[in-house]
Amino acid sequence: MGTNVARKLIESHLVEGRMEVGEEIGIRIDQTLCQDATGTLVMLELEAMDLPRVRTEVSAQYVDHNLLQADFRNPDDHLFLRSAAQKFGVWFSRPGNGVSHPVHMERFGVPGKTLLGSDSHSSAAGSLGMLAIGAGGLDVAVAMAGEPYFLVMPEVMGVWLTGELPDWVSAKDVILEMLRRHGVAGGRGKIVEYCGPGVASLSAMDRHVITNMGAELGATSSVFPSDEATRKFLRSQQREAAWVPLSADEDAVYDALDEIDLSTLEPLVALPTSPGNVVPVRDVAGKDIYQAYIGSSSNPGLRDFAIAAMIVEGNQVHDRVSLDINPASRQVLESLAALGHLEKLIHAGARIHQAGCNGCIGMGQAPATGKISLRTVPRNFPGRSGTKGDQVHLVSPETAAASALTGVITDPRTLGAPYPRFVEPEEIRVNTEMLLEPPPPGTHVALEKGPNIKELPSFDPLPDVLEGPVLLKVGEDVSTDEIMPAGARVLPYRSNIMEISRFVFEQIDETFSSRALDRGRTTFFVIADGNYGQGSSREHAALAPRYLGLRAVLARGFARIHWKNLANFGILPLTFLNEADCARIEQDDELALPGIREAVEAGSRVVVRNATKGESYELEHGLSRRQVEMVLAGGLLNVVRGRQ
């Protein structure tokens, strides 16, 4: 039996464990990626480890999320990140240079390498034939220190592609079709590998769209082979020498298999408030819209903006609609200008924003109250746009541009115009001027800290007994955006855990943090349904609740990255053995975990007693021996500090 691409990548980087599905393995990490919403903590964690310089082949720090400079906090953090990148030997991408994932793909991506990123959409680099995984910042910091990255060996799900995309259908519709079929948890515990003859019809940036939003499937990673399309992309970036071929064996086997005939796809849309709530655009056509938004890490290619420019050329955007253009990189912006597409967008009434994440993470461009916003972004979780009760729909650039002209949700096939097929130029403008190379080893650099940058809080080891109330009970598919909101009001506190903790669970219960603080930050618990912690990798969603007193989350199931983040900060992620028990526990019930330290050391099962109801429940933690050591010590940082 032959080997697939994903297993080849893992095998070539395996340093610990066996490649048996469900077993913990450790892999060597070649490259790391951080963005500023998570990278500030990573740099503070490197400082806490007393690391003199990173030990990866390439590490890069991007400033793409927190670009609004309404006061001193964001610009202070930009300077801190610049100094930290210089101190630790990391490439620094300046504010306005672009979104981390496409810029990394342009400048640093290499087929056959591994990448660990402190952003869940780091899986986008799988478009180049890399094993690219999103993780919490502390995991990334440890990898930067030269340690292996540990994960549970995933299944490999093959997706056999045939045919070619029809007119008015693009790569966004491919990943939306995957979400329609499999939902937001369908990829959990899997690497999704795209294969088959249809792969050749997709450009490298088409593949980026698909692998980027593999995070929305809950997948560990997504990967394409490295072929002539990969080579063409690297040639356009003046990096053809970095290309190496990588493909599955002809008789490669997969743990699961799906098939998509690309020629049968149609324009799709994910309705509020989940990327998995997918229907054909024609089913909801005709509804008034307020905003059409093109850009973000999930549609960052030159063609995504050029096709929109060609659709609106010679027309005016509807007077009720804001057409927001967010160039994914400065290089793309320069290319749009050189090819004349930027002028078309401007003349049609588009609003041009700086290269970065911007409205995708709630940094400006919030939609009007109760109005529909069509966006090419990867997520539409409640309130993520910055507007409470938002109506964000996820669509392709074709659907967004067509709807901007008509003022209503529009199936672009109904425009009555020929499809403006865009052909990528052989040569594009390559801009490396806003990337700051790290200085030579041994260079002394002092960290530049503004008043908003605080030291990381320290946490005590797991005690013998945990007792406290259920401070909150939540439902299914709660996202990290709901646990720890993003946006212009909250994210500027990303380097100040004491301040950012005031916003924990704000979108679900505005009283939560005050209730935790009123209790003196003593032990409490959270009860959740399935897929708890889906979405962003931001470890603030574990770290800030831990600061407030959270010691265990009892749930029917967890999203991959958040489950690891909880353990990394000494919080027990406990799963009900009898799922019906979850419904029996209510908010304010008093729980006790007697002898918890001994129980965690002894095995995976623990007993939780409900003093309010006089009941007991059996749960399991599912932690490896390595993770047990972490939780007992109070978190991974305590373990790493102990090794110094």
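Read the figures in this text as sums done on the coordinates, not as results from a lab. Just so it is clear, the model here is predicted, and its values are computed rather than measured. We place every Cβ from the backbone using ideal geometry, glycine too, and count neighbours over all the protein chains shown.
Reported to the nearest whole Å, the Cα centre-to-centre distance from the range 136-205 to the range 401-443 is 21. Summing Cβ point charges (Lys, Arg +1; Asp, Glu -1) relative to the Cα centre of the range 511-560 gives a dipole of roughly 100 debye.
For Cα pairs less than 8 Å apart in space and 6+ apart in sequence, what is the mean separation divided by the residue count of the chain, i.e. the relative contact order in percent?
Details: 1663 pairs, mean separation 92.4, N = 644.
For the chain, the relative contact order is 14 percent.
Cross-link pairs exceeding 29 Å between alpha carbons, from the set LYS87/LYS113; LYS87/LYS454; LYS287/LYS473; LYS371/LYS564: LYS287/LYS473; LYS371/LYS564.
Along the range 313-318 the Karplus relation, 6.51 cos²θ - 1.76 cosθ + 1.60 evaluated at θ = phi - 60°, assigns HN-Hα couplings of 3, x, 10, 10, 4, 3 Hz to successive residues, with x for each Gly and Pro.
If you wrap the Cα atoms of the range 200-326 in a convex hull and average its projected area over all directions, you get 10.8 nm². Where the centroid of each part is defined by its Cα atoms, how far is the range 478-515 from the range 39-101 in Å? Comparing the Cα centres of the range 478-515 and the range 39-101, I get a distance of 22 Å. A Cβ-based charge dipole, computed about the Cα centre of the range 5-264 with Lys and Arg at +1 and Asp and Glu at -1, lands at about 740 debye.
Among the chymotrypsin sites (Phe, Trp or Tyr not before Pro) in the range 21-129, those located in a DSSP loop and surrounded by at most 16 other Cβ atoms within 10 Å of their own Cβ are PHE72.
State, to one decimal in nm², a quarter of the convex hull surface area for the C-alpha atoms of the range 5-264, i.e. the direction-averaged projected area.
Numbers: hull surface 56.7 nm².
Averaged projected area of the range 5-264's Cα convex hull equals 14.2 nm².
Spatial offset of the range 259-320 relative to the range 327-380 amounts to 13 Å, using the alpha carbon center of each. Straight-distance candidates among the aspartates and glutamates for linking to LYS449, with alpha-carbon spacing under 16 Å and chain neighbours fewer than 8 residues away dropped: ASP36, GLU45, GLU47, ASP71, ASP76, ASP77.
With +1 on each Lys and Arg Cβ and -1 on each Asp and Glu Cβ, and nothing else charged, work out how big the dipole of the chain is about its Cα centre, in Debye to the nearest 20.
On the way: 61 positive and 82 negative charges, 240 e Å.
Magnitude of the dipole: close to 1160 debye.
Using the Cα coordinates of the chain, the gyration tensor eigenvalues translate into equivalent-ellipsoid semi-axes of 37, 27, 25 Å, sorted from longest to shortest.
How would you classify the range 521-588 from its alpha-carbon gyration tensor, with a ≥ b ≥ c the square roots of the eigenvalues: rounded for a/c under 1.5, else prolate if a/b is greater than b/c, otherwise oblate? In terms of gyration-tensor shape, oblate.
Semi-axes of the equivalent ellipsoid for the range 466-643, computed as √(5λ) from the eigenvalues of its C-alpha gyration tensor and ordered from largest down, come to 23, 20, 15 Å. Among the GluC sites (Glu not before Pro) within the range 328-433, those in coil by DSSP and having at most 10 neighbouring Cβ atoms inside 10 Å are GLU426, GLU427, GLU433. Length gained on full extension, THR432 to LEU577, computed as 0.36 nm times the residue gap minus the Cα-Cα distance: 46.9 nm. Semi-axes of the equivalent ellipsoid for the range 254-346, computed as √(5λ) from the eigenvalues of its C-alpha gyration tensor and ordered from largest down, come to 27, 20, 13 Å. Convert each backbone phi in the range 124-139 into a coupling constant with the Karplus relation 6.51 cos²θ - 1.76 cosθ + 1.60 (shift: θ = phi - 60°), then list the ³J(HN,Hα) values in order as whole Hz, x for Gly and Pro. Each residue of the range 124-139 in turn: 4, 5, x, 4, 9, x, 9, 8, 10, 10, x, 8, x, x, 5, 4 Hz.
Apply 1/(1 + (r/R0)^6) to the Cβ-Cβ distance of GLU499 and ARG53, taking R0 = 35 Å, and write down the FRET efficiency to the nearest 0.05. List each step's numbers first, then the result.
Numbers: r = 30 Å, r/R0 = 0.87.
That pair, GLU499 with ARG53, gives E of 0.70.
Considering only SER385, TYR293, HIS353, the residue lying farthest towards the positive end of the dipole of the range 268-414 is SER385, judged by Cα position with unit charges set on Cβ.
Using a ≥ b ≥ c from the Cα gyration tensor of the range 282-435 (square roots of the eigenvalues), is it rounded, prolate or oblate, where a/c under 1.5 gives rounded and otherwise the larger of a/b and b/c decides, a/b for prolate? Walk me through the numbers before you get to the answer.
On the way: a/c = 1.95, a/b = 1.23, b/c = 1.58.
Note, shape of the range 282-435 comes out oblate.
Of the three principal axes defined by the Cα atoms of the range 1-158, the extents in descending order read 58, 31, 22 Å.
Wrap a convex hull around the Cα atoms of the range 50-134, take a quarter of its surface area, and give that in square nanometres.
Values: hull surface 23.3 nm².
Hull-based average projected area comes out at 5.8 nm².
Length, then width, then depth: along the principal axes, the Cα atoms of the range 115-168 run 46, 25, 15 Å.
Quick one: length gained pulling LYS454 to VAL21 fully straight, 0.36 nm per residue minus the C-alpha distance? Could the numbers behind the result be given before it?
Details: separation 433, 0.36 × 433 = 155.88 nm, distance 4.06 nm.
So the chain would gain 151.8 nm between LYS454 and VAL21.
Check each of the GluC sites (Glu not before Pro) in the range 505-547 and keep only those in coil by DSSP with at most 13 other C-beta atoms within 10 angstrom; list them in order.
Details: sites: GLU506, GLU510, GLU539; in loops: GLU506, GLU510, GLU539.
Sites meeting the loop and neighbour criteria: GLU510.
If each residue of separation counts as 0.36 nm, what is the full-extension length gain between GLU250 and ALA592 once their alpha-carbon separation is subtracted? Write down the numbers at each step before the final one.
On the way: separation 342, 0.36 × 342 = 123.12 nm, distance 5.50 nm.
Roughly 117.6 nm would be gained on extension.
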